[in-house]
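Please read the structure below before turning to the comments.
The values are calculated or read from the model by the stated rules, or taken from the named source; none is laboratory data. All of these numbers come straight from a predicted model, not from anything done at the bench. Cβ coordinates were reconstructed from backbone atoms using ideal geometry, including for glycine residues, and neighbour counts include every protein chain displayed. Remember, those area values only see protein heavy atoms, side chains included, never the ligands or the DNA or RNA. Shrake-Rupley method; radii C 1.70, N 1.55, O 1.52, S 1.80 Å.
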Amino acid sequence: MSATPLRTQVGIIGAGPSGLLLSHLLHLAGIDSVVLETRSRDYVEQRVRAGLLEQGSVETLTEAGVADRLHREGLVHHGIELRFDGVGHRIPLTDLTGKVVTIYGQQEVVKDLIAARLAAGARRDHAPILFEVEDVAVHDVTGAAPRITFRHGGVDHVLDCDFIGGCDGFHGICRPAIPDLAIYERVYPFAWLGILSRSRPVSEELIYARHAEGFALATMRSNIVSRLYLQCAPDEDLALWPDERIWAELHRRLGCGAELEEGEIFQKGVTPMRSFVCETMRHGRLFLAGDAAHIVPPTGAKGMNLAIADIRVLARGLERFYAKGGTELLDRYAEICLRRIWKGQRFSWWMTSMLHRFDGEDPFEHRVQVAELDYVSTSRAAMTTLAENYVGLPFEV
Ligand code: RFL
Ligand code: PHB
């Protein structure tokens, strides 16, 4: 069957937060795009991932007009707790920085963006998002007329475009399509076992706990749903974690009593931990954004926020190109994004190193780790360092 030609200004691969936000910001600037996604709409709307938005991310979504539900349902937080040696220490984020963070599930951000894209798309001649596409490939990205080929509904298509947004996550096809990648990577010798349970949050604020048995995090999705994580082995077998073992371990590591309510566990998963930066964020007219270009361990809650920051820069660069014809901002895309990405990497690596149990750690290293936690919990200067990174560093002008 011959390929059916389609045309758009920006072809976007991936309907995660990166691809959807890019498409929406371009739409607001009058620029046409098509998003291609391998999964179904239902799958991407249900995929459980991040939960914490920096203030700048909330402002970005608000300015883009997609934050009404976020403001109604998001939980605004003014502090976090670090717990070690069985004692809790509050980091007063708002007192230290004047900023807040908001708990709102990534899949809710995704739902809001999809709804906005589909509502706008109803007024156009082609669908703004194509779900369940197959065999996506990029072509001629170093020329002026790149193309994306894919199969949809059993039909082969070619999407002609001016630019391609590579927003297809860590396992996508865009990054491997670029030659001579500059990559920096660290894989951690542990993972997180995460659950969602129908139970009220342990506390109003998040608890990051360091324990001799390993890290634990108590966060939430709402006033009736808790999100809880335990440090585990990278190849952990979930079959070895019946609900009773998960609750016993959470009680132990968080040092909780009745405030840790043992509700029904309705989702369980293991997340490997990795720091990864691909500094080659652009190849000709193909731009990588979000997890396609970088991954952080979730300890600093930076992944989705870094993705949103990339997209702000990319959308502005494309807007400038279509308004004035210049590529100055697009040419600086990687340089501008990487300054923030590396700071996010440093913070995520630091939080991870400070809070996890490392096998084979000697008593000296253990004492240094506890001294660092003690310092961060008692020095206003050290707390401020943590707080200003946690709530989000300012965006580049
Ligand atoms: P995504 O969300 O992975 O979306 C990529 C999309 O591309 C699709 N795709 C393709 N589509 C077409 N053709 C192909 N060949 C394709 N290959 C892939 C995929 O199906 C998918 O829909 O990347 P994006 O948009 O860059 O967004 C990044 C975020 O998802 C990620 O950084 C965060 O989830 C990371 N993260 C956290 N970030 C935070 O900011 N705050 C947090 O609190 C936080 N907690 C977390 C996290 C990630 C976690 N996991 C599971 C990795 C907690 C966890 C447990
Ligand atoms: C979450 O709510 O899922 C979450 C919050 C903070 C983190 C990681 C995950 O550091």
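Every condition in (1) part of a strand (DSSP E or B); (2) under 17 Å from the mean Cα position of the chain (by Cα) holds for Gln231 except the one numbered (2).
Checking region 198-207 against the condition returns a match, with at least one residue being open to solvent by less than 10 Å² (accessible area, probe 1.4 Å), away from ligand 1 (no atom under 11 Å from the Cβ) and either more than 28 Å from Gly14 (Cβ to Cβ) or touching a Leu at 6+ places or on another chain (Cβ under 8 Å) (or both).
Considered as a group, the residues in region 300-333 that are surrounded by fewer than 21 Cβ atoms within 10 Å (Cβ to Cβ) and among the aliphatic types (A, V, I, L, M) include one that is nearest to Ile31 (Cα to Cα), and that residue is Ala323.
Each row is one residue, and each column tells you yes or no for (1) hydrophobic (A, V, I, L, M, F, W, C); (2) assigned to a helix (DSSP H, G or I); (3) more than 16 Å from ligand 2 (Cβ to nearest atom); (4) at pLDDT below 95.
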| residue | (1), (2), (3), (4) |
| --- | --- |
| Leu306 | yes, yes, no, no |
| Arg312 | no, yes, yes, no |
| Glu319 | no, yes, yes, no |
| Tyr322 | no, yes, yes, no |
| Ile336 | yes, yes, yes, no |
| Ile341 | yes, yes, yes, no |
| Trp349 | yes, yes, no, no |
| Met383 | yes, yes, yes, no |
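A single entry from Leu193, Leu238, Leu228 fulfils the requirement of being surrounded by fewer than 20 Cβ atoms within 10 Å (Cβ to Cβ), within 16 Å of ligand 1 (Cβ to nearest atom) and either within 16 Å of Lys268 (Cβ to Cβ) or among the β-branched types (Val, Ile, Thr) (or both): Leu238.
So that you can scan it fast, the table gives a plain yes or no per residue for (1) touching a strand residue (DSSP E or B) at 6+ places or on another chain (Cβ under 9 Å); (2) more than 14 Å from ligand 2 (Cβ to nearest atom); (3) among the hydrophobic types (A, V, I, L, M, F, W, C):
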site	(1), (2), (3)
Val44	no, yes, yes
Leu53	yes, no, yes
Glu59	no, yes, no
Thr94	yes, yes, no
Ile103	yes, no, yes
Val110	no, yes, yes
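The combined condition, being buried (at least 21 other Cβ atoms within 10 Å of the Cβ), more than 16 Å from ligand 1 (Cβ to nearest atom) and modelled with pLDDT of 95 or more, is not fulfilled by Arg72.
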